[in-house]
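The values are calculated or read from the model by the stated rules, or taken from the named source; none is laboratory data. This one's a predicted model, so the numbers in the text were calculated from it and none came from an experiment. Note that we place each Cβ from the backbone using ideal geometry, even for glycine, and neighbour counts take in every protein chain shown.
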């Protein structure tokens, strides 16, 4: 089994202005691979 993510985009409004969080993100995870998202508290990991 695998997980394939293609062309993911995420935009939001910050301080009344558009902000791009993700632009054309691609990810291909194969069975048995492990991924961890790291960053400081409040940076938007979730």
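Quick notes on this one:
- So residue 45, is it in a loop (DSSP other than H, G, I, E, B) and modelled with pLDDT under 95: yes
- Set 29, 22: member being at pLDDT below 95 and touching a strand residue (DSSP E or B) at 6+ places or on another chain (Cβ under 7 Å): 22
- Output for segment 9-46, where each listed residue is under 12 Å from the mean Cα position of the chain (by Cα) and in contact (Cβ under 8 Å) with a residue 24 or more places away in the chain: 27
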